[in-house]
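Mind looking over this structure? Questions follow.
The values are calculated or read from the model by the stated rules, or taken from the named source; none is laboratory data. None of the values given here were measured: they were computed from a predicted structure. Reconstructed Cβ throughout: ideal geometry from the backbone, glycine too, with neighbour counts over all protein chains shown.
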Amino acid sequence: MKPVQVIGLIAFAASAMLPAQGGFSANAAGPVKKPAAGSRAMASAEVLKVYKNEKRLLLQHGPIENLRMEAMTMEFGVSDQKLLDSVKQGDKIRFVARRVGDDYIVTHLKLMK
């Protein structure tokens, strides 16, 4: 076998072992940790606009870990109209969102004090 083939084979074998060992992270803290089953990581946001008729919120949010989304400003749908009744423009909130098809939906939220 040629040296290039041997190196490629070793690299392939090593990469196959990564998932079994938790993977690597650029983070100095160690392996990437998955959220515990059933946990809901909450993200922070400021409510910029409430669209009650459309059942949507415009949020300026921080990173959303479960969606692997960086901080940005965007619209979200809501899973329940009652969520819109609990917030107004300027409120600071913590929220949980998930992807449904091509849309992002806020499923839980709470006001920050």
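Please go through segment 66-96 and pick out each residue that is small (Gly, Ala, Ser) and either over 9 Å from residue 106 (Cβ atoms) or assigned to a loop (DSSP other than H, G, I, E, B) (or both).
Within segment 66-96, 71, 79, 86, 90 meet the criteria.
Which count do you get for residues in segment 28-52 that are part of a loop (DSSP other than H, G, I, E, B) and either modelled with pLDDT of 95 or more or in contact with a helix residue (DSSP H, G or I) (Cβ under 8 Å, 6 or more places away or on another chain) (or both)?
Within segment 28-52, residues that are part of a loop (DSSP other than H, G, I, E, B) and either modelled with pLDDT of 95 or more or in contact with a helix residue (DSSP H, G or I) (Cβ under 8 Å, 6 or more places away or on another chain) (or both) number 5.
I'm checking my understanding of the structure. Among residues of segment 56-94 that are touching a residue at least 24 places away in the same chain (Cβ under 8 Å) and in contact with a helix residue (DSSP H, G or I) (Cβ under 9 Å, 6 or more places away or on another chain), which one is farthest from residue 44 (Cα to Cα)?
78
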